[in-house]
2 protein chains.
Amino acid sequence: MGVVASAPAKVILFGEHFVVYGEPAIVLAIDKRAYAKVELRNDKRVHVRSTNLGISGYFEDNLFRLETGNEQAKYKLEPIKKVVDKISEISGKTAGLDVEIRSTVPVAAGLGSSAAVAAATAMAVAKILGVELSKEEIFRITYEAERIVHGTPSGVDPAIATFGGTILFQMDTGVKPLEAKMDIPLVIGDTRVSRSTRNLVAQVREKRKRFPSIVDPILRSGRQIVLRAIEAIRQGDIRTLGELANINHALLCAIGVSSESLEWLITNARKAGALGAKLTGAGGGGCMIALAEPDRLEAIAEAIQRAGGTPYVARKTDHGVRIES
Amino acid sequence: MGVVASAPAKVILFGEHFVVYGEPAIVLAIDKRAYAKVELRNDKRVHVRSTNLGISGYFEDNLFRLETGNEQAKYKLEPIKKVVDKISEISGKTAGLDVEIRSTVPVAAGLGSSAAVAAATAMAVAKILGVELSKEEIFRITYEAERIVHGTPSGVDPAIATFGGTILFQMDTGVKPLEAKMDIPLVIGDTRVSRSTRNLVAQVREKRKRFPSIVDPILRSGRQIVLRAIEAIRQGDIRTLGELANINHALLCAIGVSSESLEWLITNARKAGALGAKLTGAGGGGCMIALAEPDRLEAIAEAIQRAGGTPYVARKTDHGVRIES
């Protein structure tokens, strides 16, 4: 007897990197979800197991005992403990818990896996402890957990994990839901090349410092891509979204954040019939996305696979964090 | 006993396509030259042979007789007849001539081969007829010959072929010499994929019409690349030129004029140590250029060869049209 909750992953459709300079970005919840199963224990331990990461251990009296995995495990499981603590604090109840994480979200690929895990855990723990939490509260708890992982997160990942759907994000105005009735069929291609978001952001900052008069108009072009994309989403115009994806990707190349592995998957996705393809997230490795008519998705996924990437056919989802059982 | 004259080919270093919208471009004369050897004949025929194109024939009483090649030959040899006629007109002298064209310039690759041939022919014919022509006159004759080939040429190719060196070109101000003391070592990679400049220019026009607010900032960024490049050339800063080449190429991708074959050569040139690489000219095929330290040129040429392109190590030349013997 336990409670299972889930929350969605995200892809950045347009505007990554440019958001750092105040430009808007469009982010999508996708139907790859993280699942948290929570059960009450007879002791006071908070036991956490992540089947995907192959790590487990428990927290007791604020000490961590490793069971499976290496010393990194504590660092990776701590946000989950943070979520449990936060809910105990709100409810005034403490209990020993078994938390089991399963996920269909590729990890460390810029798809918001950690936020999805935190949001799902928050909802499941609240449910089993009999606490009523609003979505806003889950968002805030997820955001706090993300701070452990990311330092100063933008809030995009927690918002997507909690609310689902499509959002417009901008530094100074924050998260704004975007009406998006159309389906946005896409294939994610994971290069499985690891990269440092921090370094890539620093690299772009350096390029902008060296060439401000060259980079600033590129940022303005990026803003216009987002504004035009909002219109295309409203009109259900997947072809225009594809064209805009190609332009956006070229601008990301201009600021130097693509990589050979990304280019290779993108080229192959386009050849397999994608209407447009771009890197998503920090670049330098990580993931790309291809937009396509639904009947081309499988062919594109195959092309990405053949090119050495890991493909995930994905769809926009409006389902944010939810109880599964 | 004859006269040999030669004239240089060109590469566009920065700003192709954007020039159509009034932005500046930087163009370089390179040490690949077209040679015209002219000899007097005893009859009134103007006999022309192009060893590179494998065509020959003669003009007599304004009729063309084909000797070698197909019906395209007349169209290709006509500009040379035009040059001869023009100089006969200026000098008041007519004579039968043998004109032989040899060239180290790849043909129909956007490197200004036809202008180099016309300029070299003009100088050699003038010399053998004993006419003193200023460079301005040769420029004008070359420009007129180019009109047969290109309709409304920009004047860039005739200017480079005649004057050599480095020029700044802009639609409304025309050709302006640019002081460039530094060596600009580069490798040209010919994809040998043919393309239509006309179609590519039309395609960009279409994209700009669809997305003016997205494309216009890209054009402004392109202008700033040229301005920054002028500074880098003045400072002899080949590294910055390389960086700018990479950014410029990405902007050309954004307006949709790169191609798989170009990307492949560019990727391989960068991996072989190029400081920067970009398509040059119309795109969609044709040529790319890689900027590099002199000691990397051979390795880059080899990489381009291995990738299926035809490489040409080239250098900027200040020698415009000239008599060779």
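Mind checking the mean number of beta-carbon atoms from other chains within 10 Å of the Cβ atoms in A:249-262?
4
Restricted to Cα positions, what overall size does the stretch B:269-311 have along the principal axes? Three whole-Å values, descending.
29, 19, 14
Can you work out the base-10 log of I(q)/I(0) for chain A at q = 0.08, 0.11 1/Å, using the Debye formula on its C-alpha atoms alone?
Rounded to two decimals, the profile gives -0.36, -0.68.
The stretch B:268-318 to the stretch A:241-302: how many Å between their Cα centroids?
25
How far apart are the B:E179 label points across copies, placing each 7 Å from Cα toward Cβ, in nm, shortest first?
So the label point of B:E179 gives 6.1 nm to the other copies.
Interface size between chain B and chain A, please: total buried accessible area, 1.4 Å probe, rounded to the nearest 100 Å².
For chain B against chain A, roughly 2000 Å² becomes buried.
Which lysines does A:K207 reach when only Cα atoms under 22 Å apart count, and residues fewer than 8 places away in its own chain are ignored?
A:K278, B:K271, B:K278
Taking a label point 7 Å from Cα toward Cβ, how far is B:N52 from its twins in the other copies, in nm, shortest first?
B:N52 label point versus its equivalents elsewhere: 5.8 nm.
Round to the nearest 0.05 the FRET efficiency obtained for A:R322 and A:T94 when R0 = 22 Å and r is the Cβ-Cβ distance.
Rounded to the nearest 0.05, the efficiency is 0.30.
For the rotation that superimposes chain A on chain B, which residue of A has the C-beta lying nearest to the axis, and at what distance in Å?
Here the nearest residue and distance are A:P217, 2.
With a 1.4 Å probe and every protein chain left in place, work out the accessible area per residue of chain B in Å², rounded to a whole number.
42
Taking 8 Å as the Cα distance limit and 6 or more residues as the minimum spacing, I'd like the relative contact order of chain B as a percentage.
Once divided by the residue count of chain B, the mean separation gives 25 percent.
In nanometres, what is the gap between the two model label sites at B:Y75 and A:D237, each 7 Å from Cα along Cα-to-Cβ?
Going from the B:Y75 label point to the A:D237 one covers 3.7 nm.
Extension gain A:R198-A:L63, at 0.36 nm per residue separation less the Cα-Cα distance, in nm?
45.6 nm
Calculated from DSSP H runs of 4 or more alone, at -39500 (n - 2.57) each and per residue, what is the 222 nm mean residue ellipticity of chain A, nearest 500?
Taking each H run of at least 4 residues, the total per residue is -14000 deg cm²/dmol.
Among all stretches of chain A without exposed GluC sites (Glu not before Pro) (DSSP loop, at most 10 other Cβ atoms within 10 Å), which one is longest?
In short, A:180-325.
Could you tell me how far the Cα centroid of the stretch B:43-81 sits from the Cα centroid of the stretch A:170-188, in Å?
Value for the Cα centre distance between the two parts: 63 Å.
When chain B is modelled as a GNM with alpha-carbon springs shorter than 10 Å, which of B:I138, B:I266, B:I148 fluctuates the most?
Checking each option, the largest mean-square fluctuation is seen for B:I148.
Hey, got the average number of other protein chain Cβ atoms within 10 angstrom for residues in B:209-221?
The per-residue average across the peptide is 6.
Could you give the C-alpha radius of gyration of the protein assembly as shown expressed as a fraction of 2.2 N^0.38 Å, taking N as the number of residues it contains?
Rounded to two decimals, the normalised Rg is 1.22.
If one puts a single equal scatterer on every Cα of the stretch A:54-208 and applies the Debye formula without solvent, what log₁₀ I(q)/I(0) results at q = 0.12, 0.18 Å⁻¹?
-0.61, -1.25
How many percent of the accessible area of the protein assembly as shown is carbon or sulfur, using a 1.4 Å probe?
The value for the protein assembly as shown is 47 percent carbon and sulfur by accessible area.
Restricting the count to DSSP beta bridges whose residues both fall in chain A, what percent are antiparallel, rounded to a multiple of 5?
The answer is about 90 percent antiparallel.
To the nearest µm²/s, what D does Stokes-Einstein give for the stretch B:186-314 at 25 °C and 0.890 mPa s, using the Kirkwood radius over alpha carbon pairs as Rh?
165
I'd like the distance separating the alpha-carbon centroids of the stretch B:86-102 and the stretch B:114-155, in whole Å.
If we compute the Cα centre of each part, the gap is 12 Å.
Largest first and in whole Å, what are the equivalent-ellipsoid semi-axes of the stretch A:1-68 based on the Cα gyration tensor, each being the root of 5 times an eigenvalue?
Over the Cα atoms of the stretch A:1-68, the semi-axes work out to 35, 16, 11 Å.
Note the distances from A:Q72 to each other copy's matching label point, with points 7 Å along the Cα-to-beta-carbon direction, in nm, sorted shortest first.
Output for A:Q72: 5.8 nm, nearest copy listed first.
For a quick check of understanding: with a 1.4 angstrom probe and all protein chains in place, what accessible area in square angstrom does A:V131 have, to the nearest ten?
Approximately 30 Å² for this residue.
The values are calculated or read from the model by the stated rules, or taken from the named source; none is laboratory data. Keep in mind the model is a prediction, meaning the values are calculated, not measured. Here the Cβ is made from the backbone with ideal geometry for all residues, glycine too, and neighbour counts use every protein chain on show. Surface areas here come from the heavy atoms of the whole protein model, side chains and all, with no ligands, DNA or RNA. Shrake-Rupley method; radii C 1.70, N 1.55, O 1.52, S 1.80 Å.
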